[in-house]
Amino acid sequence: MGESHETAGPVRLSAWVHGLVQGVGFRWWTRSRALELGLLGHATNARDGRVHVVAEGPRRACERLLDLLRSGETPGRVTLVVESWEPARGEMSGFEER
């Protein structure tokens, strides 16, 4: 019963990543991890120094990306990741650095 979310279809993860995450290869690293997981989306620098990561795909893969963002293994230094979830919109192809 714990896998009912797998049959619900793809999800959309929106994660605001706080810390020293711009100018350190963070978006490139995130793109590489997302592509390894088969996710679509983008990692975008925000004017306030955060990076906004949006990823769509199977919930398990999105949860794994979220775990990686919080792992302490990223370039730079992540101090906080604020996440939100919704059904996938299906409007993206590939994974872009913006």
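The values are calculated or read from the model by the stated rules, or taken from the named source; none is laboratory data. These figures come from a predicted structure and were not determined experimentally. Heads up, the Cβs are rebuilt from the backbone with ideal geometry, glycines too, and the neighbour counts pull from every protein chain shown. Areas reflect the complete protein model, heavy atoms only, side chains present, ligands, DNA and RNA absent. Shrake-Rupley method; radii C 1.70, N 1.55, O 1.52, S 1.80 Å.
Observations on the model:
- With contributions of -39500 (n - 2.57) from each DSSP H run of at least four residues, the per-residue ellipticity at 222 nm computed over the chain stands at -7000 deg cm²/dmol.
- Phi-derived couplings, Karplus 6.51 cos²θ - 1.76 cosθ + 1.60 at θ = phi - 60°, listed residue by residue for the range 42-49: 7, 10, 10, 5, 9, 4, 8, x Hz, with x used for Gly and Pro.
- Shape parameters for the chain, alpha-carbon atoms, Rg then Dmax in Å: 12.8, 43
- Sequence-ordered 3J(HN,Hα) estimates for the range 19-30 from the Karplus curve with 6.51, -1.76 and 1.60 and θ = phi - 60° stand at x, 8, 10, 10, x, 10, x, 5, 5, 4, 4, 4 Hz, glycine and proline given as x.
- Per residue accessible area in Å² of the chain, where ligands, DNA and RNA are left out and the probe is 1.4 Å: 57
- Dipole magnitude for the chain: about 300 debye, using +1 per Lys or Arg Cβ and -1 per Asp or Glu Cβ, origin at the Cα centre.
- Projecting the Cα atoms of Leu40, Phe26, Leu66 onto the charge dipole of the chain, computed from C-beta unit charges around the Cα centre, puts Phe26 farthest toward the positive end.
- Using a probe radius of 1.4 angstrom, the carbon and sulfur fraction of the accessible surface of the chain is 50%.
- Taking only the C-alpha atoms of the range 28-68, Rg followed by Dmax gives 10.1, 30 Å.
- Annotation note: GluC sites (Glu not before Pro) in the range 47-87 located in DSSP loop regions with a Cβ neighbour count of at most 12 within 10 Å are Glu73.
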